[in-house]
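The values are calculated or read from the model by the stated rules, or taken from the named source; none is laboratory data. Small disclaimer: the values here were computed from a predicted structure and weren't measured. Glycine gets a Cβ as well: all are built from the backbone with ideal geometry, and neighbour counts include every protein chain shown.
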Amino acid sequence: MNWKKIRKNKNFIAGSILTGIMLLLILAGCFYTPYNPNTMDPSAKFAGVSLKHLMGCDNFGRDIFSRVLSGSRTTLIVAAGTVLIGVVFGILIGALTGYYGGVLDEVLMRINDAVFAFPSILLALLFISLLGSGKYHVIIALGIAFVPSFARIVRSEFIRNKNMDYVKSAKLQGAGDFRIMFVHILPNTMTVLLSAIMIGFNNAVLAEAGMSFLGIGVQPPDASLGRMLSEAQSFLFSAPMYALFPGLTIILLVLGFGLLSDGLKNE
Amino acid sequence: MIRVTDLNIEFFDHERPETVVYDFDLTLHEGEIVGLVGESGSGKSMSALAIAGLLSRKDMKKRGEILFEGVNLLDCDRKTLRKFQGNEIGMIFQEPMTSLNPVKKIGWQVEEALRLHTDLSKEERKKRAIEMLQKVELHEPERVYEQYPHELSGGMRQRVMIAAAMICDPKILIADEPTTALDVTIQEQIVALLKRINQEKKTAILFISHDLSLVHQLCERVLVMKGGYVVENGSADEIFYHPKEEYTKKLIAAIPKVVRKTEKDS
Amino acid sequence: MTENILEVTDLQVSYPVSRKTPFEKKKSIQVLKDISFTMKRGEILGLVGESGSGKTTLARSILQMIPYEGTIIRNTVQPQMVFQDPYGSLNPSQRIAWILEEPLRLKGGLSKEERVQKVKTMLQRVGLEEKILERFPRELSGGQRQRIAIAAALMLEPELLIADEPVSALDVTIQAQILALLKEIQKEMNLSILFISHDLRVVYEMCDHVLIMQLGQIRESGDVEEVYFHHKDPYTGKLLKAAGIETA
């Protein structure tokens, strides 16, 4: 990976700035929000955008800015957890199948294909109906649904690398299989993997929003971007700001990671 | 027949503009075989691509003149250039695997230049193609005509490349390291084939190679390139036996000599 | 010391042909047939042949990387290898320092300082400067990479080095430097080198003895001088002639 070149990539720069600002805001939201995101203030019902309420208030008089901050935190935690599960198991399965091949590869990859054949949202729905809804269940459900795509990427990278001469010389020097897999080959998959992680992150943000929108994701009173959109849809015409701000936040998050992924891939 | 004067090629795709060929001069006469020798990065392939009219990238600047039949190939339009390519100027490359289209039959690929430059009927084209395959010493040309590149060996593929390049009887053949990827016995056969084509058809050949001893076997005149410059230019024997430039001497000294050890000692 | 470092007797290697369905009969092609030869300690043995002659397969069976029949007696610690393509033989994601230290790390028993010291000594031995340690393989030239590949192979102080076309990817002037380096190191360390090449000139320059291979068999073997100037097998003659070597 050529960091010097990547650092000069315009997409990467724009993506890092955008993502950086979003992450900073969300981090700040962990310690301070102008209002308690769940406190209702009947007098401020549907309050417009003002200095007091930067993004206005919702139908219960909750401050939307505060809720966007805490909601994006929830969304981000879900996305990060999902990607983490997907990447860890994806690397494990991809490395083993790609490196060893043979029967293990056949069996694991067929299971992988079967899981891959379902849209990840559908699969997550299935798990949720088995596990019950809630933040952590969403993470597990989406995480499992995300494993196959990472496994495939890692596997093809391992297949490409395992026949290269540097792997042969590592073997001759006495390196064991696990060291070859995780110390020698794995760093060489990082460019591809990092870019896949960014895209996975986007998909996870969207999947969480989608599931919460359908009411099976994060449960009230916790805010999440998807839940806010779902709640806002009844007031789309009377209070468009309510839908606009969470929607905009999703767009900015996804755009930021998308640009980062692009920047990584092109170098 | 083709005259190159003051060819300069400059790239812009890196941080700093980079000149890869400086003041390249070359005159190629009918029926002549000229060798272009150099190590990687010497600019030999760039010069050859420019002569073949295959350098048309936006991020580079070319100066100078490549005169062929009164036309400057460097600043004529695509249409004029295409009239020459394949018809008057043929080219073969180092890697015969990637320079043939893997999904097309051999016959189709050999005929392509005829399809573009002549009005021959399908049957006539096929007849010419099979004749050509025979001329490059491929056994069972009818069978090869129906085969795909992956069914042929490296040496056979290079013969097919030569057949495809030669089918319109070009006046010039540019051969960019045509034997480097081949085994030594196959290499010898391909070199002999090029020599024969040159004698029979009076085709001028520009032979690009890093292998000075091979160039000495094949060429009458040799240009030695280094770092974008032509450092020495002369007859093959002169350069091989009496090199003037330090760099040429170094190149020749780097070729291991096979001399009886007893003689070596004395 | 003229004991044999390597004795190969009746070596046979065949590869299974991939079947279209699991029900087809298992088939295989024989790529090495009845290979027997010995290699003395401290000599450079050339292995010459065209593509498909089985040179690389022979190297891989000596390294026990593929299954074979017959006997291979190795009177040595694990041999190391230098590959043709210096772009693929160095891990692209690691710095040179890491690549050279890795064999010592795997062997264990040395402190970080001792490892670094050994790496620096070896680097000097192959004629490179210390500042190269912080670089990645892609930042080096082909010749520098091949020097690093040689250094990495020598870190474990092997007695037998297998060099598979170590200079064919290099420019001729760089090639001469690498050959000189290999020869120097060979003398200094009393190393035995199995030198695989398709280039008869290079083999003549480098080797004491030579094996000429064709289609999985040894066609001719012996002292380089003998084989080049009094060859018995017509195939050897054909190779020499094709390479433009006058032996009359």
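Checking the condition under 25 Å from C:Q30 (Cα atoms), in contact (Cβ under 8 Å) with a residue 40 or more places away in the chain and within 12 Å of chain B (Cβ to nearest Cβ), which residue from C:S197, C:S221 passes? Reasoning before the result, please.
Details: C:S221 fails: within 12 Å of chain B (Cβ to nearest Cβ).
Just one listed residue meets the conditions, C:S197.
Across the range C:207-244, what is the number of residues that are over 22 Å from C:V8 (Cα atoms) and among the hydrophobic types (A, V, I, L, M, F, W, C)?
5
I'd like the full set of residues that are within 19 Å of A:L54 (Cβ to Cβ), crowded, with 16+ Cβ neighbours inside 10 Å and not aromatic (F, W, Y), limited to the range A:229-243.
Matches in the range A:229-243: A:L229, A:E231, A:A232, A:A239, A:M241, A:A243.
Hey, any hits in the range C:145-163 for a residue that's more than 13 Å from every other protein chain (Cβ to nearest Cβ) and farther than 30 Å from C:S36 by Cα?
For the range C:145-163, residues more than 13 Å from every other protein chain (Cβ to nearest Cβ) and farther than 30 Å from C:S36 by Cα: present.
Starting from residues that are away from chain A (no Cβ under 14 Å) and not hydrophobic (A, V, I, L, M, F, W, C), keep the ones in the range C:96-117 and report whichever is nearest to the chain's Cα centre (by Cα).
Restricting to residues being away from chain A (no Cβ under 14 Å) and not hydrophobic (A, V, I, L, M, F, W, C), the top hit is C:Q117.
Hey, could you check the range B:208-225 for residues that are within 14 Å of chain C (Cβ to nearest Cβ) and part of a loop (DSSP other than H, G, I, E, B) and say which is surrounded by the most Cβ atoms within 10 Å (Cβ to Cβ)?
B:C219
Only one residue in B:G107, B:G53, B:G90 is surrounded by 16 or more Cβ atoms within 10 Å (Cβ to Cβ) and at pLDDT 90 or above. Which one? Break it down stepwise before answering.
On the way: B:G53 fails: at pLDDT 90 or above; B:G90 fails: at pLDDT 90 or above.
Going through B:G107, B:G53, B:G90 in turn, the sole match is B:G107.
Matching residues to (1) among the aliphatic types (A, V, I, L, M); (2) crowded, with 22+ Cβ neighbours inside 10 Å:
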residue: B:R115; (1), (2): no, no
residue: B:K122; (1), (2): no, no
residue: B:Q134; (1), (2): no, no
residue: B:Y148; (1), (2): no, no
residue: B:G154; (1), (2): no, no
residue: B:L173; (1), (2): yes, yes
residue: B:T179; (1), (2): no, yes
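Confirm whether A:G256 is buried (at least 23 other Cβ atoms within 10 Å of the Cβ), modelled with pLDDT of 85 or more and not β-branched (V, I, T). Write out each step before concluding.
Details: buried (at least 23 other Cβ atoms within 10 Å of the Cβ): yes; modelled with pLDDT of 85 or more: yes; not β-branched (V, I, T): yes.
Yes; evaluated as a whole, the condition is true for this residue.
In the range C:224-243, how many residues are assigned to a loop (DSSP other than H, G, I, E, B), surrounded by 18 or more Cβ atoms within 10 Å (Cβ to Cβ) and either out of contact with any Ser or Thr (no Cβ under 9 Å at 6 or more places or on another chain) or within 12 Å of chain B (Cβ to nearest Cβ) (or both)?
Of the range C:224-243, the ones assigned to a loop (DSSP other than H, G, I, E, B) are C:230-233, C:243.
Now restrict to residues that are surrounded by 18 or more Cβ atoms within 10 Å (Cβ to Cβ): C:231, C:243.
Okay, now just the ones that are also either out of contact with any Ser or Thr (no Cβ under 9 Å at 6 or more places or on another chain) or within 12 Å of chain B (Cβ to nearest Cβ) (or both), so C:243.
Number of matching residues: 1.
Would you confirm whether any residue within the range A:157-179 is among the β-branched types (V, I, T), under 27 Å from A:V254 (Cα atoms), touching a helix residue (DSSP H, G or I) at 6+ places or on another chain (Cβ under 7 Å) and surrounded by fewer than 22 Cβ atoms within 10 Å (Cβ to Cβ)?
no
Would you check if there is a residue in the range C:225-244 being at positive phi and touching a residue at least 24 places away in the same chain (Cβ under 8 Å)?
no
Go through the range C:39-70 and count every residue that is under 18 Å from C:E220 (Cβ atoms), under 14 Å from the mean Cα position of the chain (by Cα) and not in a strand (DSSP E or B).
5
What's the number of the condition B:I167 fails, among (1) free of Cβ contacts under 8 Å to residues at least 60 places away in the same chain; (2) surrounded by fewer than 21 Cβ atoms within 10 Å (Cβ to Cβ); (3) aliphatic (A, V, I, L, M)?
With respect to (1) free of Cβ contacts under 8 Å to residues at least 60 places away in the same chain; (2) surrounded by fewer than 21 Cβ atoms within 10 Å (Cβ to Cβ); (3) aliphatic (A, V, I, L, M), B:I167 is out only on (2).
Only residues that are closer than 27 Å to C:K238 by Cα, exposed (fewer than 11 other Cβ atoms within 10 Å of the Cβ) and either in contact (Cβ under 8 Å) with a residue 24 or more places away in the chain or within 20 Å of the chain's Cα centre (by Cα) (or both): list them for the range C:1-38, please.
Listed by number, the list is empty, since nothing qualifies.
If I ask for residues that are of a type in the set (A, V, I, L, M), under 15 Å from the mean Cα position of the chain (by Cα) and part of a loop (DSSP other than H, G, I, E, B), which ones from the range C:156-171 would you list?
C:V167, C:A169
Every residue in the range B:226-239 that is touching a strand residue (DSSP E or B) at 6+ places or on another chain (Cβ under 8 Å) and part of a helix (DSSP H, G or I), please.
B:A236, B:I239
What is the one condition in (1) out of contact with any Lys or Arg (no Cβ under 8 Å at 6 or more places or on another chain); (2) within 13 Å of chain C (Cβ to nearest Cβ); (3) outside any helix (DSSP H, G or I) that B:A253 does not satisfy?
Condition (3) is where B:A253 drops out.
Given the criteria among the basic types (K, R), more than 20 Å from B:M161 (Cβ to Cβ) and either at pLDDT below 90 or touching a Leu at 6+ places or on another chain (Cβ under 7 Å) (or both), does B:K257 qualify?
Working: among the basic types (K, R): yes; more than 20 Å from B:M161 (Cβ to Cβ): yes; either at pLDDT below 90 or touching a Leu at 6+ places or on another chain (Cβ under 7 Å) (or both): yes.
Here the answer is yes, as B:K257 does meet what is asked.
For the condition in a helix (DSSP H, G or I), under 22 Å from the mean Cα position of the chain (by Cα), more than 22 Å from B:E188 (Cα to Cα) and not β-branched (V, I, T), what is the one hit in B:Q134, B:Q158, B:Q109?
When all the criteria are applied, what remains is B:Q109.
Out of all the residues in the range A:150-194, which are touching a residue at least 24 places away in the same chain (Cβ under 8 Å) and of a type in the set (G, A, S)? Give the derivation first.
If we filter the range A:150-194 for residues that are touching a residue at least 24 places away in the same chain (Cβ under 8 Å), which is where we start, we get A:150-159, A:161-162, A:177, A:180-182, A:185-186, A:188-194.
Correct list: A:A151, A:S156.
Evaluate the following for C:S93: is it in contact with a strand residue (DSSP E or B) (Cβ under 7 Å, 6 or more places away or on another chain), within 14 Å of another protein chain (Cβ to nearest Cβ), in a loop (DSSP other than H, G, I, E, B) and of a type in the set (G, A, S)?
no
How many residues does the range C:167-207 hold that are among the acidic types (D, E) and buried (at least 18 other Cβ atoms within 10 Å of the Cβ)?
Residues in the range C:167-207 being among the acidic types (D, E) and buried (at least 18 other Cβ atoms within 10 Å of the Cβ): 3 in total.
Mind checking which strands (runs of 3 or more DSSP E) fall wholly inside the range B:1-50 and carry at least 3 residues that are charged (D, E, K, R)?
On the way: elements: B:2-11, B:18-28, B:33-37.
Strands (runs of 3 or more DSSP E) meeting the threshold: B:2-11, B:18-28.
Exactly one of these conditions fails for C:N75: (1) more than 18 Å from the chain's Cα centre (by Cα); (2) away from every other protein chain (no Cβ under 14 Å); (3) surrounded by fewer than 16 Cβ atoms within 10 Å (Cβ to Cβ). Give me its number.
Only one criterion in (1) more than 18 Å from the chain's Cα centre (by Cα); (2) away from every other protein chain (no Cβ under 14 Å); (3) surrounded by fewer than 16 Cβ atoms within 10 Å (Cβ to Cβ) is unmet by C:N75, namely (1).
So, C:I174, is that one outside any helix (DSSP H, G or I), within 9 Å of chain B (Cβ to nearest Cβ) and farther than 22 Å from C:L58 by Cα or not?
Answer is no for this residue.
Scan the range C:36-52 and give yes if some residue there is β-branched (V, I, T) and within 11 Å of chain A (Cβ to nearest Cβ), otherwise no.
Looking for residues that are β-branched (V, I, T) and within 11 Å of chain A (Cβ to nearest Cβ), one finds none in the range C:36-52, hence no.
Could you list, in sequence order, the residues of the range B:179-207 that are away from chain C (no Cβ under 14 Å), of a type outside the set (D, E) and not in a loop (DSSP other than H, G, I, E, B)?
B:L194, B:R196, B:I197, B:N198, B:Q199, B:K201, B:A204, B:I205, B:L206, B:F207
In the range C:53-72, how many residues are out of contact with any Asp or Glu (no Cβ under 7 Å at 6 or more places or on another chain), polar (S, T, N, Q), within 14 Å of chain A (Cβ to nearest Cβ) and touching a residue at least 40 places away in the same chain (Cβ under 8 Å)?
Total satisfying the criteria: 2.
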